[in-house]
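Q: Quick one: structure below, then a few questions.
The values are calculated or read from the model by the stated rules, or taken from the named source; none is laboratory data. Fair warning: this is a prediction, and the values are worked out from it, not measured in the lab. Neighbour counts run over all protein chains shown; Cβ positions are idealised from the backbone, glycine included.
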């Protein structure tokens, strides 16, 4: 890899890690995003007292790519506001996919129209990249696309199965006429990409199974900063405290968390932190066995990790859930699944359980509750594992897989 790199990213996932890494290394040519708190009207709103702004607006103006020089950032705030308003009107999976197709293609066209600032390469994200990848290729740039989660066809199949199993959670599966359009975008992006960057073996395996080129798929696990995430290695007296963080829903395996909690009863304390769009009847059933914390502000999330003895995330489909990295950095053994795409090793930093198996969750929780020495050993191992997956080390791994890329003459 020679020269500088353009990064384009919708939203603020992973706190703009790729753009920040490249800026730190002096390799960032330009950064495109939808809304940025240091540009245009969001920068003006940031000067107001936060309590004067509605919470959704606070989140938007709080999008600040720390360490990325403002002069290297182009945002599209009118598009960002329009997209945010459209998202508020989404009522079902089909509308959500329709919005993803519209937002991804519109954002990608905006980036392509602004050009690539004499960069050597483009780093973009699946579903949001096709038009800009085509334009970059025409200009001789190399292109890399990050497949953040399993391909859309896989996600849709998993959710359809879960809807059949748990119709009270989300209703029976309905046709999604936009899913194939999104999947077509992904496949076209894979065909153009010089590298398809996957955060886990789970994602890479499914990209290849869906027709992606195996020789261009690489696995680059994420990383998190470990500051201020320490918790006591020794467990406090009382029932084992089990924490789950993330949106409560079918993809995260939440029905199986509920079933496990009902079987465990008062032997453990279970807590779920995250948003949900569940029917009231399901919400009430959850709250009888699990403490529901709702949306926890980012500034307060470390306290949730400090409360817990064990972290639980039995997802059915992820990319590589960053909350698991955070749990490890907090010294929490993790009970999780292969589909979560984590860096947890079975029996070392936690336990890997089969997907869709509430009894396996029960057995794993009881095993750690009854074996404090093992739980404490896994907690210490978790901290050590987290040191291998910091943002700096993520950056080194990412730069390593991009290092051999070269563009071609236009």
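Q: Among the candidates 23, 43, which residue alone is at pLDDT 75 or above, in a helix (DSSP H, G or I), over 21 Å from residue 126 (Cα atoms) and touching a helix residue (DSSP H, G or I) at 6+ places or on another chain (Cβ under 9 Å)?
A: 23
Q: In segment 89-133, which residues are surrounded by fewer than 16 Cβ atoms within 10 Å (Cβ to Cβ), in contact (Cβ under 8 Å) with a residue 24 or more places away in the chain and over 18 Å from residue 73 (Cα atoms)?
A: Matches in segment 89-133: 92, 94.
Q: Which residues, counting only those in segment 247-279, are under 13 Å from residue 294 (Cα atoms) and touching a helix residue (DSSP H, G or I) at 6+ places or on another chain (Cβ under 6 Å)?
A: Matches in segment 247-279: 248, 273.
Q: Would you point out the residue of segment 271-289, among those that are over 21 Å from the mean Cα position of the chain (by Cα) and in contact (Cβ under 8 Å) with a residue 40 or more places away in the chain, that is surrounded by the most Cβ atoms within 10 Å (Cβ to Cβ)?
A: The selected residue is 282.
Q: Which residue, of 360, 379, is more than 18 Å from residue 239 (Cβ to Cβ) and either free of Cβ contacts under 8 Å to residues at least 12 places away in the same chain or more than 21 Å from the chain's Cα centre (by Cα) (or both)?
A: On inspection, the qualifying residue turns out to be 360.
Q: For the structure I just gave you, tell me whether residue 260 is modelled with pLDDT of 95 or more, in the same structural domain as residue 354 (by TED's automatic domain parsing) and either part of a helix (DSSP H, G or I) or closer than 26 Å to residue 150 by Cα (or both).
A: Criteria met by residue 260.
Q: In this structure, is residue 302 farther than 20 Å from residue 162 by Cβ, at pLDDT 95 or above and part of a helix (DSSP H, G or I)? Before the answer, list the steps.
A: On the way: farther than 20 Å from residue 162 by Cβ: yes; at pLDDT 95 or above: no; part of a helix (DSSP H, G or I): yes.
So residue 302 fails the test.
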